[in-house]
Amino acid sequence: MMSRRDYDLLVVGELNVDILVKGDVEPVFGQVEKLVDSLQVCGGGSAAIFAAGAARMGLQVLFASIVGDDLFGRLMLDLMRSAGVDVSHVVVEPALATGATIHLLREDGDRAMLTDLGSIAHVTLDLVDPDWYYAVRHLHVASPFLLQGLYPSMPDMMRSAKRAGMTVSMDTNWDPTEGWHLPEFYEHMDILMPNENELAALSGQPELGAAIDAMLERVPILAVKRGADGALGAQGSAQIETPVYAVDVQDTTGAGDTFDAGFLAAWLAGGTLHQSLLLASACAALTMTQVGGFNGQPGWEEALALIESQTPEHALGLRALQG
């Protein structure tokens, strides 16, 4: 039996591998074979990458999911354990195949993704023990549009979390159907963490300022990822912008999820919106220095070292949060 608030984060989501294919080529049908620069099999899934990043930042993370009894499933469980995530409640189902996403990576940093949902479609609310809502501080919801089995129950899950005294955040990621329907989601949410394109789609407002204003009518805090333009946070009448940290970018896979992990690490430690954005940006930058979403994810010391090297005026307050 868990004692009250043994964990900082509850994450209910997908465990799937990422197959990263890198090269300046376009696939051509008709049995045309082309050579690529590299192919790597890495840990993937927005929820999983987020959870691993948060654990590396020192948060106690409880993860609920389901995988197949196969090579990809075993790999994902091993990677999560290595990151420090509690996956003791993840269900292993021999009748399922673990999900996978193929990422086609171009030299300019852009990518296209092809996903076989597999076990991802079988993540449901049945995997969540109601006692967990009283044993965890915060619920993070990721990829609602991919989690087809959990999507209808997500508002109930968020409502239960709030009633138990938890705070709630969400990163939608992209909606493959481009419908962007999230009925009853926003009323239970403390923080929304989209990228700029997702924010425009969710709000129905293509202009950034109008999109922010529209979403602040639904959620208290926005943390918006803007790629090379940095990050933007909004809360009430306050809006804060932070620049990107300069690093040697190798791969952007999972950068947004690692951003989320850094943001919540600071926010749950009592950090301000500005401090949370800075730590988030440093975490996102460092994970981009290696290929794969799980690789390059920093701990507090690594993130602070980057902040101290480029924006030293902000490092002292963040170091105090570290405790």
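None of the figures in this text is laboratory data; all of them are computed from the coordinates on show. Source: prediction; values computed, not measured. Glycine gets a Cβ as well: all are built from the backbone with ideal geometry, and neighbour counts include every protein chain shown.
Computed values, structure above
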read-out: Column: log10 I(q)/I(0), Debye, Cα scatterers of the chain, q = 0.07, 0.08, 0.11, 0.14 Å⁻¹; value: -0.26, -0.34, -0.65, -1.10
read-out: Surrounding net charge for MET166, when Lys and Arg each add one and Asp and Glu each subtract one, Cβ distance under 12 Å; value: +4
read-out: Trypsin sites (Lys or Arg not before Pro) restricted to the range 74-141 and DSSP loop, no more than 13 other C-beta within 10 Å; value: ARG106
read-out: Those lysines that a straight Cα-Cα span of less than 25 Å connects to LYS34, excepting residues fewer than 8 apart in one chain; value: LYS22
read-out: Sequence-distant residues sharing a close amide H with VAL244 (under 5 Å, placed H); value: GLY230
read-out: Most fluctuating residue given options GLU308, GLU107, GLU241, as computed from a GNM of the chain linking Cα atoms under 10 Å; value: GLU107
read-out: Residue order, fewest to most beta carbons within 10 Å, for LYS34, LYS162; value: LYS34, LYS162
read-out: Most positive-pole-ward Cα, ILE102, LEU192, GLY256, against dipole of the chain from beta carbon charges; value: LEU192
read-out: Value at 222 nm in deg cm²/dmol, rounded to 500, when DSSP H runs of n ≥ 4 in the chain each add -39,500 (n - 2.57); value: -9500 deg cm²/dmol
read-out: Listed residues VAL224, VAL32, VAL141, most fluctuating in the chain (Gaussian network, C-alpha, under 10 Å); value: VAL32
read-out: At least 20 Å along the helix axis (C-alpha) and Kyte average at least -0.5, DSSP helices within the chain; value: 273-287
read-out: Alpha-carbon centroid distance for the pair the range 98-118 / the range 201-216, whole angstrom; value: 27
read-out: Neighbourhood net charge (12 Å Cβ-Cβ; Lys/Arg +1, Asp/Glu -1) for TRP267; value: -2
read-out: Built amide H within the under 5 Å cut-off of GLY43, gap 5+; value: ASP18, PHE294
